[in-house]
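Structure first, then comments.
The values are calculated or read from the model by the stated rules, or taken from the named source; none is laboratory data. All values reported here derive from a predicted model rather than from experimental measurement. Every residue, glycine among them, receives a Cβ derived from its backbone with ideal geometry; neighbour counts consider all protein chains shown. Side chains are part of the model used for accessible areas, which takes the heavy atoms of the whole protein and leaves out ligands, DNA and RNA. Shrake-Rupley method; radii C 1.70, N 1.55, O 1.52, S 1.80 Å.
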Amino acid sequence: MATILIVEDEDSLREQLAQNLEAEGYETITAEDGQVGLDTARAEQPDLIILDLMLPRLDGLSVCRMIRRDSQVPIIMLSARGMEMDKITGLETGADDYVVKPFGMGELLARVKANLRREASKAAARNPTVIESKELKVDMIARRAWLRDAELHLTQKEFGLLVELMRNKGVVLSRDLLLAQVWGHDYVGNSHTVDVHMRWLREKIEDNPSKPTRITTVRGVGYRFED
Ligand code: CA
């Protein structure tokens, strides 16, 4: 579950925010001033930050700017009514969203959810969990694989070999490297093990296993997924 850092000097609002977020299943961490907020953000690496604008010691805009130097964590800025929002948004602080006080808890929770969802889809785009190539498709999270839309029934090792090779399309991977990545560094065995499992894998993914075109053998080196 996501962890949310609340940086707010007003006790009652801070507690109310924490209670409401926890009721929704989030974990919360709180900070009462800007400096503690900044230190906590760096130390705890929360998934989202709710940051008040007017804070003792270090104001919200400065905190936001400093966090942005090394983090893309979603930041929702809270500001008091009467502040000119154009001025705040025009300052290029790097905040993702703004909520004007006083606000309803329902509105804030909706903003939190929307910002976390947006961040999750950005993260998914950065680290794809599905790889497709040469009529093959693997879903690394679901641990499933398909050839021309027909699901393949692969063993753990066959799946591991296929994923390692597909993640490194066009690159020759040695038997020792595959052994370490798929079987683990503690595995006591020899690289012939890789060849045996590769033969089984090829029977499932190659049209002609004796003349493989998807995963080829590079003599004396290892295996390569052809791009
Ligand atoms: Ca304040």
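Only one entry of Leu179, Leu109, Leu116 meets the criterion of being away from the ligand (no atom under 16 Å from the Cβ), closer than 26 Å to Phe225 by Cα, in contact (Cβ under 8 Å) with a residue 12 or more places away in the chain and not in a strand (DSSP E or B), and that entry is Leu179. Annotation: Gly60 fulfils all but one of (1) away from the ligand (no atom under 12 Å from the Cβ); (2) within 22 Å of Leu116 (Cβ to Cβ); (3) modelled with pLDDT under 95; the unmet one is (1). Taking the criterion of being in a helix (DSSP H, G or I) and within 29 Å of the chain's Cα centre (by Cα), the residues of the range 182-194 that qualify are Val182, Trp183. Of all residues in the range 6-32, those satisfying the criterion of being more than 15 Å from the ligand (Cβ to nearest atom) and open to solvent by less than 80 Å² (accessible area, probe 1.4 Å) are Ala18, Asn20, Leu21, Gly25, Tyr26, Thr28, Ile29. Against the conditions (1) surrounded by 17 or more Cβ atoms within 10 Å (Cβ to Cβ); (2) assigned to a helix (DSSP H, G or I); (3) at pLDDT below 95, Ile76 satisfies every one except (2).
In the range 181-193, the count of residues that are loosely packed, with under 11 Cβ neighbours inside 10 Å and at pLDDT 95 or above is zero.
Evaluation of Pro46 against the conditions (1) more than 14 Å from the ligand (Cβ to nearest atom); (2) modelled with pLDDT of 95 or more; (3) over 26 Å from Lys122 (Cα atoms) shows that the sole unmet condition is (3).
Number of residues in the range 195-227 that are within 28 Å of Ala150 (Cβ to Cβ) and part of a loop (DSSP other than H, G, I, E, B) equals 11.
Condition check ((1) open to solvent by less than 70 Å² (accessible area, probe 1.4 Å); (2) in contact with a His (Cβ under 8 Å, 6 or more places away or on another chain); (3) at pLDDT 90 or above) across all residues:
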{"residue": "Thr93", "(1), (2), (3)": "yes, no, no"}
{"residue": "Gly104", "(1), (2), (3)": "yes, no, yes"}
{"residue": "Ala110", "(1), (2), (3)": "yes, no, yes"}
{"residue": "Arg118", "(1), (2), (3)": "no, no, yes"}
{"residue": "Ala124", "(1), (2), (3)": "yes, no, no"}
{"residue": "Ala145", "(1), (2), (3)": "yes, no, yes"}
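Candidates are the residues of the range 33-43 that are open to solvent by less than 30 Å² (accessible area, probe 1.4 Å) and not β-branched (Val, Ile, Thr); the one that is farthest from the ligand (Cβ to nearest atom) is Ala41.
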